[in-house]
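Accompanying notes for the structure given below.
Nothing in this text is a laboratory measurement; each read-out follows from the coordinates by a stated rule. Remember, it's a predicted structure, so these values are computed and weren't measured experimentally. Here Cβ is always computed from backbone atoms with ideal geometry, including for glycine, and neighbour counts include all displayed protein chains.
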Amino acid sequence: MTANALNADALLEKMQQELSALLSQGKRPDPLMIGIHTGGVWLAERLHRSLGLSSPLGVLDISFHRDDFDQSGLNPKVQPSKLPCPTEGRHIILVDDVIMSGRTIRAAMNELFDFGRPASVTLVTLLDLQQRELPIQADIIGGTLAISADQAVKLTGPEPLALEIRNRSED
């Protein structure tokens, strides 16, 4: 994928089709969709609406489980996670915007398991930057992109959703 092909809506449509096909197999009945604050929530809201899921949408804030406090400090906009029902024994669809090192997803899993032990977790992400530091892979990916070490990808939104490549010094 090229930088010019960063069409968030097209990637989201691909994710929705793949997720719909997965759910139609019946292996994850009545899933609970949870978006990771903030970009993952914007995507989860759209996917939740388009898939017509019956369980309310959950929001996960991973701030207290991050492993980079010494580098970036605590996010001043920390919000509590809002899960509308117990996660114990539930099939979870965890949604994030960009997966790069795997550290955000590790933090999200720690936060998620604080609420109970799910039956399964399906990871869905808009963009995979394929720069893993941890052995974590998404089940459904909108697209992949190679960027240089001095770049970052940012999802802006919620309306309209757009992907931007930025120099890390801009973040």
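Numerical summary
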| item | result |
| --- | --- |
| Packing-based exposure ordering (other Cβ within 10 Å, fewest first) of Thr38, Thr144 | Thr144, Thr38 |
| Karplus-derived HN-Hα couplings along the range 84-96 (A = 6.51, B = -1.76, C = 1.60, θ = phi - 60°), whole Hz, x at Gly and Pro | x, 7, x, 9, 4, x, 8, 8, 9, 10, 9, 10, 9 |
| Assigned charges on the beta-carbon of Lys, Arg, Asp, Glu; the range 92-170 dipole about Cα centre (debye) | 200 debye |
| Distance between the range 20-53 and the range 98-116 - C-alpha centres, whole angstrom | 17 Å |
| Over the chain, relative contact order from alpha-carbon pairs under 8 Å, at least 6 apart, % | 25 percent |
| MRE, 222 nm, helices only [DSSP H, n ≥ 4, -39500 (n - 2.57), over the chain, to nearest 500] | -8000 deg cm²/dmol |
| Relative contact order (percent, whole number), the range 100-171, Cα cutoff 8 Å, 6+ residue spacing | 25 percent |
| Computed lengthening from Gln131 to Asn167, 0.36 nm per intervening residue step minus Cα-Cα distance | 11.3 nm |
| Listed residues Ile136, Ile105, Ile36, most fluctuating in the chain (Gaussian network, C-alpha, under 10 Å) | Ile136 |
| Karplus (6.51, -1.76, 1.60) ³J(HN,Hα), θ = phi - 60°, over the range 15-23, in Hz, Gly and Pro reported as x | 4, 4, 5, 5, 5, 4, 5, 4, 5 |
| Relative exposure of Asp9, Asp128, judged by other C-beta atoms within 10 Å (fewest first) | Asp9, Asp128 |
| Beta bridge orientation in the chain: antiparallel %, DSSP, nearest 5 | 25 percent |
| Residue-wise HN-Hα coupling along the range 50-56, computed from phi with Karplus coefficients 6.51, -1.76, 1.60 (Hz; x: Gly, Pro) | 5, 8, x, 5, 7, 6, x |
| Neighbourhood charge, 13 Å Cβ-Cβ cut-off, centred on Asp139 and excluding it, Lys, Arg +1 and Asp, Glu -1 | -1 |
